[in-house]
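The values are calculated or read from the model by the stated rules, or taken from the named source; none is laboratory data. If you're wondering where the values come from, they're calculated on a predicted model, not measured in any experiment. Heads up, the Cβs are rebuilt from the backbone with ideal geometry, glycines too, and the neighbour counts pull from every protein chain shown. Ligands, DNA and RNA are stripped out before the accessible areas are found, and what is left, the full protein with its side chains, is counted by its heavy atoms. Shrake-Rupley method; radii C 1.70, N 1.55, O 1.52, S 1.80 Å.
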Amino acid sequence: GCVDEVVAHPPFSNLSEYVAGGGNVISNCGIDTASFQLISDDTITGAYCLNIMRSYTITDSCGMKDTCTQFVFVNDTELPVLVCPADTITECLPAVLASIKTIEDFVAAGGVVSDNCRLDTASFTVDKLITPLANGKRIATTFSIKDWCGNEISCTQTMISADTIAPVASCASIEVYLGDSGVYRPDETDIRIITAGSTDNCTLPENLTFELIPSEVYCTDVESGVDILVIVKD
């Protein structure tokens, strides 16, 4: 059933072990028991996940020799067990994007993985599918693993970010100077001054985006100044 069970069935080292294991040898001339030997112990291709071919030989007291072949097959058809960490809904996207890259990460996050025989840990894969939502994202993460015999199983964990809290906009006054063209357009530095103090429950201030309406100041605005509508997006 399992590759690890093969160690419980080692090659026979002498005739007594061979006979005790179910083998048989007869000769009309008598047997040279000391001549019993294993002549090959090979892993071969075949229908099962492990195919071992062992050949033995023995000589009778007249010098006549014969061989026989024993096969050891490993036939594990039982799927591994893979249970994903629980689905989650969280407010902020960074919390949703917690990275699971290894089996250890998977288990630490609450996942369960086991097999009746032996897992092929190198076969563990992680595949993410990110779908935009109105106020966040849906992340479906499919985990897969195989056992040593190639039996594969998968599970999918769904994580959703649902941020419905708007940013807090903060506006500051600024004194600007018109260029030779008589027009001023805020650069990145001035935008940061104008919007200083704007915050959000999830997005860092430096990652917020801003829209200024109007986005230009003209000569006609000298002295009186101009009110700018600042739109902040997380």
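Points to keep in mind about this one:
- The one condition in (1) at negative phi; (2) open to solvent by 60 Å² or more (accessible area, probe 1.4 Å) that PHE12 fails to fulfil: (2)
- Flag if SER35 is touching a Ser or Thr at 6+ places or on another chain (Cβ under 7 Å), without any contact (Cβ under 8 Å) to a residue 24 or more places away in the chain and open to solvent by less than 50 Å² (accessible area, probe 1.4 Å): no
- THR69 without any contact (Cβ under 8 Å) to a residue 24 or more places away in the chain, open to solvent by less than 20 Å² (accessible area, probe 1.4 Å) and touching a Lys or Arg at 6+ places or on another chain (Cβ under 8 Å): no
- Residues of the range 172-209 that are of a type outside the set (A, V, I, L, M), open to solvent by 50 Å² or more (accessible area, probe 1.4 Å) and under 30 Å from PRO132 (Cα atoms): GLU188, ARG192, GLY197, THR199, ASN201, PRO205, GLU206, ASN207, THR209.
- Residues located in the range 163-194, provided they are among the aromatic types (Phe, Trp, Tyr) and assigned to a loop (DSSP other than H, G, I, E, B): TYR177
- Meets criteria (touching a residue at least 24 places away in the same chain (Cβ under 8 Å) and either open to solvent by 70 Å² or more (accessible area, probe 1.4 Å) or of a type outside the set (Ser, Thr, Tyr) (or both)) for TYR18: no
- Looking across the range 220-234 at every residue that is open to solvent by less than 80 Å² (accessible area, probe 1.4 Å) and farther than 12 Å from ILE194 by Cα, the one that is farthest from the chain's Cα centre (by Cα) is identified as VAL222.
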